[in-house]
1. Between TYR343 and ALA215, what FRET efficiency follows from the Cβ-Cβ distance if R0 is 41 Å, with the result rounded to 0.05?
2. So what J values fall out for the stretch 67-81 if you push phi through Karplus, 6.51 cos²θ - 1.76 cosθ + 1.60 with θ = phi - 60°, rounded to Hz, Gly and Pro as x?
3. Can you list residues whose amide H is under 5 Å from HIS168's amide H, if they're 5+ apart or on another chain and H is modeled 1.01 Å from N?
4. For the stretch 71-136, just say rounded, prolate or oblate: build the C-alpha gyration tensor, square-root its eigenvalues into a ≥ b ≥ c, call rounded for a/c under 1.5, and beyond that prolate if a/b exceeds b/c, oblate if not.
5. Based on the mean of other beta carbon atoms within 10 Å per residue, what is the order of 326-334, 201-209, most packed first?
6. To make sure I understand the rule: partners must be lysines, Cα under 27 Å from the Cα of LYS178, and not fewer than 8 residues away in the same chain. Which ones qualify?
7. Could you compute the FRET efficiency for SER39 and HIS185, with r as their C-beta to C-beta distance and R0 at 25 Å, rounded to 0.05?
8. If you average 1/r over all unlike Cα pairs in the stretch 33-156 and invert the result, what Kirkwood radius do you get in angstrom?
Amino acid sequence: MRKTIIIGFVVMLSLVLVYGFSDAKVTGVCSNCHTMHLSQGGTTDTFEGVTVAGPINALIKATSATNPCVACHAGAAGATDSATGAPQVDGTNGLAGGTFNTTTADTPAKVHNVSVLRTADSTFTATTLSPPGFTASAPLPPAGLTTGPSTWTISTNQLTCAGTYGCHGKRDTTNPIKAIQGAHHGNTNIDNTSTAGTVATSYRFLYGIKGAEVAGWQETDNAHNGYYGTDTQGESYQTISYLCSECHGNFHWHIALGGTTEVGGTSPWLRHPTDIALAASTGGIFTTDYGTLGFAYNLETPVAFESPVTTTTTFTTADARVMCLSCHRAHGSAYTDILRFNYADIKAGQAITTGCNRCHQRQR
């Protein structure tokens, strides 16, 4: 009995060590993730009891050759897998990026429709439409940094987790494993001082993007991702909002950053600006919540920073920058347009302090 207990403990410990619970660097037993010949005990190898679909690039044990990412990141119901600690992007609990899991009839408008996990949004696949706000003419970053696809026909190319038509890894390949190759073994929980020169040293494997990663993947007001934002043109190619602009460029590239006329350069804006400093004046178009002496970080309307932090609850506005994720989540949410709040509930002149009105105090 004692021997059985010890063996069981060792097995569970090895599973936990696959990911650990502090960062995304994989440690532990190699065979938990890899299969050398797709064979074990005279039969095809399995992953979590299911026959693997391989052979798959990098000798990965996965049940989908099309999108092997889901093997580790979409199998459990909670925010993280209880055995490996891997974040579950199709779970039911609170990852900072949200979840692809929604049961409402309005699903296509509430998630990024990643292949394998979700069917394509018929609003766009019925024609040759590109993602909303897509532009092939957004300013290109300096050599060595990332850019989005030059063209995109959604009826042909559905969104993927990684690669050319995805968010994670490099954009020079449509193969999701090749796009993030080496990242899981090289992650070091980078902060904003990193050069983000590799996928492993980029924020959340978003190639070229800076940021500070909180230990784990869930969030509280005092333990959250440190998003990077700047209104300095030469440095704006590594912000979290620039990542979004790789596919939604007309929603981001304002004139002040050398971009298009779609957004404008100053107030009155044509589209909502990003990578713009929050006004410190309580009489301005922005805030008192984000006020002159500082403000409490709030998960409903988070902000990016020139020097990202993950644990401080109150900061001065001199460092704060509005970003795409101030209003939206990355994966999906309970609200239309992947918003963090119900846009239809935000009203002017009725003392509502949430959503848009958290920043736009003058409209309360």
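Nothing in this text is a laboratory measurement; each read-out follows from the coordinates by a stated rule. Keep in mind that what you see is a predicted model, and the values were worked out from it rather than measured. All Cβ positions, even for glycine, are placed from backbone atoms using ideal geometry, and neighbour counts span all protein chains on display.
1. Details: r = 32 Å, r/R0 = 0.79.
That gives a FRET efficiency of 0.80.
2. With the stated coefficients, the stretch 67-81 comes to 9, x, 4, 5, 4, 9, 10, 8, x, 9, 7, x, 6, 9, 6 Hz.
3. Residues meeting the amide H criterion: ALA162, GLY163.
4. Values: a/c = 2.57, a/b = 2.18, b/c = 1.18.
Verdict is prolate for the stretch 71-136.
5. 201-209, 326-334
6. Once the sequence-local lysines are set aside, what remains near LYS178 is LYS25, LYS61, LYS170, LYS210.
7. Numbers: r = 24 Å, r/R0 = 0.96.
Once rounded, the FRET efficiency stands at 0.55.
8. Details: mean 1/r = 0.0581 Å⁻¹.
Every distinct Cα pair counted, the radius reaches 17.2 Å.
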